[in-house]
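Q: Quick one: this structure, given as C-alpha cells, is what I'll be asking you about.
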Amino acid sequence: MNVLLWHVHGSWTTAFVQGEHTYLLPVVPDRGPDGRGRAQTWEWPANAIEVTPEEAAEADVDVVLLQRPCELDGLAEEWLGGRRPGRDVPAVYVEHNAPQGPINEMRHPAADRDGFTVCHVTHFNALFWDCGATPTRVIEHGIVDPGYRYTGEEARAAVVINEARRRARVTGTDLLERFAAAGVPVDVFGMDAGSIGGIEDVPQHRLHDEMARRRVYLHPIRWTSLGLSLIEAMHLGMPVVALATTEAPEAIPAGAGVISTRVETLAGAARDFLADPDGAREAGRAARAAALERYGLERFLADWDDLLTEVVA
C-alpha cells in the first residue's frame, strides 16, 4: 500500500516504516512540524519516501494516517490535493497521547467522524479518550530492537524526558529532586534536559549506550500514554522503577523492576538496584525478555498490516 503519514513521533515512526508498504512522508524546505520528511538521526529504509506538497497532491494514496488535530482539520486534505480523509481516502487517526483536562471533557477530535478509525497506542489511551461512535482499535507499541547493551557500570539512574522544564509535573520533573535527596543520583537525557542540569542533544545512536551504562532506569512520568523510552530501556536490559500510572503497570512484569505510586518506595527500590549490580542485571534481563515478547517489531507490524488491510478494504 501507499501510506501517507507525517513524521510526528520519531521512535514510533521509525518502527512503523519498517514494514513492507511505501511510506509517503511530507517534507517542506525548513523541515518544520508539517514536513519533517525522513529522520535525520536514524537510517530509515528506502521505502520511506519524502514527498513535497505537489507530489502528495498527485500521489496514489491508499490510506492516510493522521496524528494531530491540525491534520484532521484541513492539513491532510490540503496535502491530498482536495481529497478528504475518511471520504475520498481511507483514514486512521493514530492517537499517541493521553487526553488532557477534566475526565468528562476528554472527547477525541475524531469522535463521531464517518470513515475514520481511531487507533490508540495503549489501552490506557483507549480507556480515557471518548471517541463516540468512531470505531477504535488498540495497537500497542513496537520498537526496533536496539539489542542488549546493559553494562550498569555507573551507579546512577537514567531518565529520558523531552522538554522536562516545560512539561514539569506531567513528566514528573519535580520528583527528580526528591529522588536525588533520597540518595538516587539521576542523569536526565532528552530535548532541553540542559535546562534542569541534564544531558541534552545526545544523538540517538549514542543515547542507548549512555542509558545502558546507568544501573537503573527511572520512569517518573505522571501522565502520558506510556513513554517509548521505558520500553527502550527494557529492551536494553535495564531494570526499571516507575510510577504506577499510565500504561506502566501493564508493561512492567514482576521481576523486571518495581512500580508504585509512592516515591519513597521507588527511591528505595532504586537504591537497592544501585547497591546490587548482580540483582540489577538479573531484573534487567527479565525486563528485556518481557519487552521483546510484548513490544516486538514483528507483532507491531503484523497488527498494523491487519488494520490497514481492513480499513482499505
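The values are calculated or read from the model by the stated rules, or taken from the named source; none is laboratory data. All figures in this text were calculated on a predicted structure; none of them were measured in a lab. Note that each Cβ is placed from the backbone with ideal geometry, even for glycine, and that neighbours are counted across all protein chains shown. The protein model used for the area step is the full one, side chains on, heavy atoms only, and it has no ligands, DNA or RNA in it. Shrake-Rupley method; radii C 1.70, N 1.55, O 1.52, S 1.80 Å.
Q: Of the residues 85, 102, 109, which single one is closer than 28 Å to residue 300 by Cβ, open to solvent by 40 Å² or more (accessible area, probe 1.4 Å) and either polar (S, T, N, Q) or within 25 Å of the chain's Cα centre (by Cα) (or both)?
A: On the way: 85 fails: open to solvent by 40 Å² or more (accessible area, probe 1.4 Å); 102 fails: closer than 28 Å to residue 300 by Cβ.
Only one candidate qualifies: 109.
Each row is one residue, and each column tells you yes or no for (1) among the hydroxyl-bearing types (Ser, Thr, Tyr); (2) modelled with pLDDT under 95; (3) under 24 Å from residue 145 (Cα atoms).
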| position | (1), (2), (3) |
| --- | --- |
| 194 | no, yes, no |
| 205 | no, yes, yes |
| 227 | no, yes, yes |
| 241 | no, no, yes |
| 246 | yes, yes, yes |
| 253 | no, no, yes |
| 262 | no, no, no |
| 265 | yes, no, no |
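Q: Taking the stretch 7-55, which residues are within 21 Å of residue 307 (Cβ to Cβ) and among the acidic types (Asp, Glu)?
A: 20
Conditions (1) in a helix (DSSP H, G or I); (2) over 25 Å from residue 19 (Cβ atoms); (3) open to solvent by 10 Å² or more (accessible area, probe 1.4 Å); (4) of a type in the set (Phe, Trp, Tyr), marked per residue:
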position	(1), (2), (3), (4)
119	no, no, no, no
132	no, yes, yes, no
140	no, no, yes, no
146	no, no, yes, no
157	no, yes, no, no
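Q: Kindly check whether there is at least one residue in the stretch 37-48 that is exposed (fewer than 14 other Cβ atoms within 10 Å of the Cβ) and more than 26 Å from the chain's Cα centre (by Cα).
A: For the stretch 37-48, residues exposed (fewer than 14 other Cβ atoms within 10 Å of the Cβ) and more than 26 Å from the chain's Cα centre (by Cα): absent.
Q: Let me ask another. List the number of the failed condition for residue 124; all other conditions in (1) under 30 Å from residue 285 (Cα atoms); (2) touching a Ser or Thr at 6+ places or on another chain (Cβ under 7 Å); (3) open to solvent by less than 20 Å² (accessible area, probe 1.4 Å) hold.
A: (3)
Q: While we're on this one: Listed residues 286, 244, 275, 267; which is aliphatic (A, V, I, L, M) and either more than 23 Å from residue 181 (Cα to Cα) or in contact with a Leu (Cβ under 8 Å, 6 or more places away or on another chain) (or both)?
A: On the way: 244 fails: either more than 23 Å from residue 181 (Cα to Cα) or in contact with a Leu (Cβ under 8 Å, 6 or more places away or on another chain) (or both); 275 fails: either more than 23 Å from residue 181 (Cα to Cα) or in contact with a Leu (Cβ under 8 Å, 6 or more places away or on another chain) (or both); 267 fails: either more than 23 Å from residue 181 (Cα to Cα) or in contact with a Leu (Cβ under 8 Å, 6 or more places away or on another chain) (or both).
286 is the lone residue from the list that is aliphatic (A, V, I, L, M) and either more than 23 Å from residue 181 (Cα to Cα) or in contact with a Leu (Cβ under 8 Å, 6 or more places away or on another chain) (or both).
Q: Give, as residue ranges, the helices (runs of 4 or more DSSP H) completely inside the stretch 160-253 that count at least 1 residues that are open to solvent by 10 Å² or more (accessible area, probe 1.4 Å) and free of Cβ contacts under 8 Å to residues at least 40 places away in the same chain.
A: Values: elements: 164-167, 176-181, 204-213, 228-236, 248-251.
Because the criterion is at least 1 residues that are open to solvent by 10 Å² or more (accessible area, probe 1.4 Å) and free of Cβ contacts under 8 Å to residues at least 40 places away in the same chain, the helices (runs of 4 or more DSSP H) in the stretch 160-253 that meet it are 164-167, 176-181, 204-213, 248-251.
Q: Just to be sure I understand, how many residues within the stretch 212-228 are in contact with a helix residue (DSSP H, G or I) (Cβ under 6 Å, 6 or more places away or on another chain) and more than 23 Å from residue 262 (Cβ to Cβ)?
A: Going through the stretch 212-228 one residue at a time, the tally reaches 2.
Q: So is residue 308 touching a Gly at 6+ places or on another chain (Cβ under 7 Å) and closer than 26 Å to residue 65 by Cα or not? Working first, answer last.
A: Numbers: touching a Gly at 6+ places or on another chain (Cβ under 7 Å): no; closer than 26 Å to residue 65 by Cα: yes.
It is false that residue 308 is touching a Gly at 6+ places or on another chain (Cβ under 7 Å) and closer than 26 Å to residue 65 by Cα.
Q: Residues of the stretch 254-280 being surrounded by 14 or more Cβ atoms within 10 Å (Cβ to Cβ), part of a helix (DSSP H, G or I) and among the charged types (D, E, K, R), which ones?
A: 271, 272 - these are the residues of the stretch 254-280 that are surrounded by 14 or more Cβ atoms within 10 Å (Cβ to Cβ), part of a helix (DSSP H, G or I) and among the charged types (D, E, K, R).
Q: Here are some residues: 71, 95. Which one is touching a Cys at 6+ places or on another chain (Cβ under 9 Å) and open to solvent by less than 40 Å² (accessible area, probe 1.4 Å)?
A: On the way: 71 fails: touching a Cys at 6+ places or on another chain (Cβ under 9 Å).
The unique qualifying residue is 95.
Q: Scan the stretch 105-116 and give yes if some residue there is more than 25 Å from residue 28 (Cα to Cα), of a type in the set (Lys, Arg) and assigned to a loop (DSSP other than H, G, I, E, B), otherwise no. Before the answer, list the steps.
A: Applying the first criterion (more than 25 Å from residue 28 (Cα to Cα)) to the stretch 105-116 yields 105-116.
Still in the list and also of a type in the set (Lys, Arg): 107, 113.
Those still in the list that are assigned to a loop (DSSP other than H, G, I, E, B) too: 113.
Checked the stretch 105-116: at least one residue is more than 25 Å from residue 28 (Cα to Cα), of a type in the set (Lys, Arg) and assigned to a loop (DSSP other than H, G, I, E, B).
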